[in-house]
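The values are calculated or read from the model by the stated rules, or taken from the named source; none is laboratory data. A quick note: this is a predicted structure, and the numbers were derived from the prediction, not measured. As a convention, Cβ positions derive from the backbone with ideal geometry for all residues, glycine included, and neighbour counts pool all protein chains shown. With ligands, DNA and RNA removed, areas are computed over all heavy atoms of the protein, side chains included. Shrake-Rupley method; radii C 1.70, N 1.55, O 1.52, S 1.80 Å.
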Amino acid sequence: MEVNECINFMLTSTQNAVFNYFKRRLQDFDTTPSQYALLRCLWKQEVQTPSQLAHELHLDTSTITGMLGRLEKKDLIERTYNQEDRRSVHVRLREEGKVLWEQIDHVIDEANEEVLRGIPAEDAAKLRQQLLLIEANAKDCLNAERGEA
């Protein structure tokens, strides 16, 4: 099999191209695609824990912690610590974060439309389903190799 026919190579190449395009579209807002995704999560559900955000975004908590620190420095989010248990943290959007999210949400919608240009809506929906199936299959294979059920 040629390397450019390998699903891993194809997905990685595609993901890199799409990520870099989205990154460029968001640079005027001093925001990365990952930071946008985190802001989007908080827009959907106003208060969340870092663990909830990590689960939603399929990232580890240390990555989320770094993102939260950068967003907090920009005054876009705030972390509230439980006084009785400092490990218990709640994250919420600040007003500045809500305003930024409203400004960039349409940019993301446009970028999605642009990278899916030429793909009929029905085919785009199938692509999304197929990507989820590929992800599930890869996780199942990995779990099987580990001996996990």
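Within segment 91-100, at least one residue is among the β-branched types (Val, Ile, Thr) and surrounded by fewer than 16 Cβ atoms within 10 Å (Cβ to Cβ).
Among the conditions (1) under 26 Å from GLY66 (Cβ atoms); (2) surrounded by 11 or more Cβ atoms within 10 Å (Cβ to Cβ); (3) at pLDDT 90 or above, SER88 misses just one, which is (3).
Filter segment 55-109 down to residues that are touching a Lys or Arg at 6+ places or on another chain (Cβ under 8 Å) and not hydrophobic (A, V, I, L, M, F, W, C), then give me how many there are.
Counting residues in segment 55-109 that are touching a Lys or Arg at 6+ places or on another chain (Cβ under 8 Å) and not hydrophobic (A, V, I, L, M, F, W, C) gives 7.
The residues of segment 101-149 that are within 28 Å of GLU46 (Cβ to Cβ), open to solvent by 80 Å² or more (accessible area, probe 1.4 Å) and of a type in the set (S, T, N, Q) amount to a single one, GLN103. Of all residues in segment 3-30, those being open to solvent by less than 50 Å² (accessible area, probe 1.4 Å) and modelled with pLDDT under 95 number 1. Taking residues in segment 13-31 that are assigned to a helix (DSSP H, G or I), and partners anywhere that are among the aromatic types (Phe, Trp, Tyr) and open to solvent by less than 80 Å² (accessible area, probe 1.4 Å), the pairs with Cβ atoms closer than 9 Å and at least 6 places apart or on different chains are PHE22/TYR36; LEU26/TYR36; PHE29/TYR36. Checked against (1) among the charged types (D, E, K, R); (2) assigned to a helix (DSSP H, G or I); (3) out of contact with any strand residue (DSSP E or B) (no Cβ under 9 Å at 6 or more places or on another chain), GLU56 passes all but a single condition, namely (3). Counting only residues that are polar (S, T, N, Q) and part of a loop (DSSP other than H, G, I, E, B), which one in segment 59-84 is surrounded by the most Cβ atoms within 10 Å (Cβ to Cβ)? Here the residue is ASN82.
Taking each residue of segment 38-52 that is free of Cβ contacts under 8 Å to residues at least 60 places away in the same chain and farther than 20 Å from ASP105 by Cβ and looking for partners that are open to solvent by 40 Å² or more (accessible area, probe 1.4 Å) and of a type in the set (Lys, Arg) with beta-carbon atoms closer than 7 Å, six or more apart or interchain, yields nothing. With respect to the conditions (1) in contact with a strand residue (DSSP E or B) (Cβ under 7 Å, 6 or more places away or on another chain); (2) in a helix (DSSP H, G or I), VAL91 lacks only one, and its number is (2).
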